[in-house]
Amino acid sequence: MINVVFLLLVFFLMPSQLAPPEPIEVTPPRATGEESTSAQVILFMGADGTLAFRDLTGAPAMTAFAEAAATADAPPLFRADAEAEAKAVARVLRDLAGRGLADVALVVAPE
């Protein structure tokens, strides 16, 4: 019986994909169009304007994101909460452009 349980466990775990949890809860705005592509380099912005990248928050997150995005193969993504202020989102995008990242995609949820 134990062998069957282990076989079932292996059977269901093999196709699963383990991904690290998102550093902060983000609800992206909705938009129509094509589905987004997955990328390893994602900068998160919470509804209160908090920036997060991997395990960093605030200004260190912005710096680490810019460094990681500069060497990434896929285009970097910016995932802002739908409730975040437009001024804050624009400020972050302007700061990223000032750091040499002119091609950052804003993640939205499909309608």
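The values are calculated or read from the model by the stated rules, or taken from the named source; none is laboratory data. Keep in mind that this is a model prediction, so the values were computed, not measured. Methodologically, a virtual Cβ is constructed for each residue, glycine included, from the backbone with ideal geometry; neighbour enumeration extends over all protein chains shown. Just the protein is used for accessible areas: all its heavy atoms, side chains included, with ligands, DNA and RNA removed. Shrake-Rupley method; radii C 1.70, N 1.55, O 1.52, S 1.80 Å.
Quick notes on this one:
- Ile42, Ile2, reordered so the largest accessible area comes first (probe 1.4 Å): Ile2, Ile42
- Couplings 3J(HN,Hα) for segment 63-75, derived from phi with the Karplus relation 6.51 cos²θ - 1.76 cosθ + 1.60 (θ = phi - 60°), are 5, 5, 4, 4, 5, 5, 5, 5, 9, 7, 7, 8, x Hz, where x marks Gly and Pro.
- With θ taken as phi - 60° and the Karplus curve 6.51 cos²θ - 1.76 cosθ + 1.60 applied, the whole-hertz 3J(HN,Hα) list for segment 77-91 is 10, 10, 10, 9, 5, 5, 8, 5, 5, 4, 4, 5, 5, 4, 5 Hz, x standing for glycine and proline.
- GNM result for the chain, Cα springs below 10 Å: residue of Pro15, Pro60, Pro28 fluctuating most strongly: Pro15
- Listed candidates (1) 34, 30, 30; (2) 39, 33, 25; (3) 60, 32, 26 - label of the one calculated as Cα extents along the principal axes in Å: (3)
- Note on Glu85 and Phe6: their simple-model spin labels are 5.8 nm apart, each label 7 Å out from Cα toward Cβ.
- Average accessible area per residue (Å²) across the chain - probe 1.4 Å, nucleic acids and ligands excluded: 71 Å²
- At R0 = 22 Å, FRET efficiency that the Cβ-Cβ distance of Thr27 and Leu106 yields, to 0.05: 0.95
- Relative contact order of the chain, taken over Cα pairs closer than 8 Å and 6 or more residues apart, is 32 percent.
- Extension gain from Asp95 to Ala70, taking 0.36 nm per residue of separation minus the Cα-Cα distance: 7.6 nm
- The helix-based estimate of mean residue ellipticity at 222 nm for the chain, built from -39,500 (n - 2.57) per DSSP H run of four or more residues and divided by its residue count, is -11000 deg cm²/dmol to the nearest 500.
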